[in-house]
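The values are calculated or read from the model by the stated rules, or taken from the named source; none is laboratory data. Note that the coordinates shown come from a computational prediction; the quantities given were computed from them, not determined experimentally. All Cβ positions, even for glycine, are placed from backbone atoms using ideal geometry, and neighbour counts span all protein chains on display.
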Amino acid sequence: MPFDTIQDENRDVSRRGFLKGALLGGAALTMSSKLAMAEQMMTGRVSVRDIRSAGLEPGQVDLSLNENPNGASLHAIQAMADHLTTVNRYTRDSGDLRESLIDALAAYDRVEFEKVKPERGSRRPPPTPYIFSYSGSSEFLRLLPMAYLSREGGDVVDAEGAYSSIRRAALSISEELGVPVNATSVPLTEDYRHDLDGMLKAITPKTKIVVITNPNNPTGTLLSFEEIERFVNAVPKEVIIVIDEAYIHFGRDLNYQRAMPLAMTNDNVIVIRTFSKAYGMAAMRVGYAVCSQAIQQKLSFYMTTGFPPVLPLVAVEATAKDLYHLRRSQQVVWAFQDRCYEEFDKLGLEYLPGSGSFFMVNVRQNGTDFARELLRRRIKVAVRNRDLMPTWIRVSAGTAPETEVFLAEFKKLLSKM
């Protein structure tokens, strides 16, 4: 079933019992406060102390961790509220929830796979290409080197200036277990994209894992499906290809072909996703991957098994079906980016218009010092690739009020330093 046909059974999910309690706390703004905020924005008088961000204490602007400023899906919040009185029990309907979740994820990516009926009397779920982690998608990035390098060692190839979790985990395994591990990081191209030809040349007979971060973090650059497919076809089949798609939902081309089909048809490809970004579930720590049974078997020796936690499971099952929330989260990010790019163009600043929920901008001075000065103004941004891009900062998406506060303080600081 195409994802576009998935309907919200009740988009305006009832919040009556929920709002009576403290679940939403101070995150809920009254209509009068929203109108006041809009008036302040129009007159340019909004300041950090006026900010009320979902999940944060008042008076903070945190644009450093690529979190979802739109907050969580109301359907997910309601699902958790509905199950709060069941947390004294193990998750008895996890099989049905898991199947529903997988159906929603597969529909979004427009992929199909053959479903296997569960064995009679078996408590194990039937095998599917989907595997879930309740310690975040970072668990996959940590355990893949353990699964493939801990016995005999081997080489890892990734991109310099990309998310380096697997490389760090691999080198840590070498140090702790004494196995030979070599990590080769291939420089990005001049336009800050993965150099797939260079990465292909870096593969040796000892290479066990190759890593692609798409869109790249922190540069936000995006590889096409055709580029990745050619690379996958050229890599030796005994090499595991990891495609980290944590930010894949934020590309503006809604017809963009994501990499899931490559994991469905190649035994050596694993595509990793998270519910922390577009779905706004960072605190739930749920990630998932699509890969062959061979890769799943390798990972199973190191992953925690047993009953899944009920609140994260019901939350992600509900949010995976909430197309409205996903689209709204995308729109918030795109509006934030467009607003900032407009100001950067006026200022003549170089920036990378990326496909993630963030961007990088060249502040033409030491990026670490600039970020520190912003922090003194209670605005938090990130500094990544200090050695490669010392004058750049990475800024995560914010709400409209957060965006205006950031831009006001950014321009003041830029003129002073």
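Structure data summary
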quantity: Residue within the stretch 244-258 that is among the acidic types (D, E) and touching a residue at least 60 places away in the same chain (Cβ under 8 Å) present; calculated: yes
quantity: Within the stretch 293-320, considering residues that are under 22 Å from the mean Cα position of the chain (by Cα) and either charged (D, E, K, R) or part of a loop (DSSP other than H, G, I, E, B) (or both), the one surrounded by the most Cβ atoms within 10 Å (Cβ to Cβ); calculated: E317
quantity: In the stretch 87-97, residue farthest from the chain's Cα centre (by Cα) [restricted to those that are hydroxyl-bearing (S, T, Y) and in a loop (DSSP other than H, G, I, E, B)]; calculated: Y90
quantity: Residue selected from the stretch 375-417 under the condition over 30 Å from S185 (Cα atoms), in contact with an Asp or Glu (Cβ under 9 Å, 6 or more places away or on another chain) and hydrophobic (A, V, I, L, M, F, W, C), by the criterion modelled with the lowest pLDDT; calculated: M417
quantity: Within the stretch 61-86, tally of residues that are farther than 24 Å from L374 by Cα and either outside any helix (DSSP H, G or I) or among the polar types (S, T, N, Q) (or both); calculated: 6
quantity: Flag if I173 is part of a strand (DSSP E or B) and either free of Cβ contacts under 8 Å to residues at least 24 places away in the same chain or surrounded by 14 or more Cβ atoms within 10 Å (Cβ to Cβ) (or both); calculated: no
quantity: Residue within the stretch 181-194 that is under 27 Å from the mean Cα position of the chain (by Cα), assigned by the TED database to the domain that holds N255, within 26 Å of A234 (Cα to Cα) and among the small types (G, A, S) present; calculated: yes
quantity: Members of the stretch 268-288 found to be among the hydroxyl-bearing types (S, T, Y), surrounded by fewer than 24 Cβ atoms within 10 Å (Cβ to Cβ) and not in a strand (DSSP E or B), listed by number; calculated: S276
quantity: Residue within the stretch 116-131 that is in contact with a Leu (Cβ under 9 Å, 6 or more places away or on another chain) and either modelled with pLDDT under 95 or farther than 21 Å from L299 by Cα (or both) present; calculated: yes
quantity: All positions within the stretch 385-407 that are more than 13 Å from F336 (Cβ to Cβ) and buried (at least 18 other Cβ atoms within 10 Å of the Cβ); calculated: N385, M389, W392, I393, R394
quantity: Residue match in the stretch 362-370 (condition: surrounded by 15 or more Cβ atoms within 10 Å (Cβ to Cβ), of a type in the set (G, A, S) and within 30 Å of Q257 (Cβ to Cβ)); calculated: no
quantity: Filter result (closer than 12 Å to N217 by Cα and among the small types (G, A, S)) within the stretch 354-381; calculated: G354, S355, G356, S357
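Rundown of residues vs (1) of a type in the set (S, T, Y); (2) without any contact (Cβ under 8 Å) to a residue 40 or more places away in the chain; (3) touching a strand residue (DSSP E or B) at 6+ places or on another chain (Cβ under 8 Å), yes/no style:
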{"residue": "K277", "(1), (2), (3)": "no, no, no"}
{"residue": "M281", "(1), (2), (3)": "no, no, no"}
{"residue": "A294", "(1), (2), (3)": "no, yes, no"}
{"residue": "L311", "(1), (2), (3)": "no, no, no"}
{"residue": "Q337", "(1), (2), (3)": "no, no, yes"}
{"residue": "V361", "(1), (2), (3)": "no, yes, yes"}
{"residue": "I379", "(1), (2), (3)": "no, no, yes"}
{"residue": "A382", "(1), (2), (3)": "no, no, yes"}
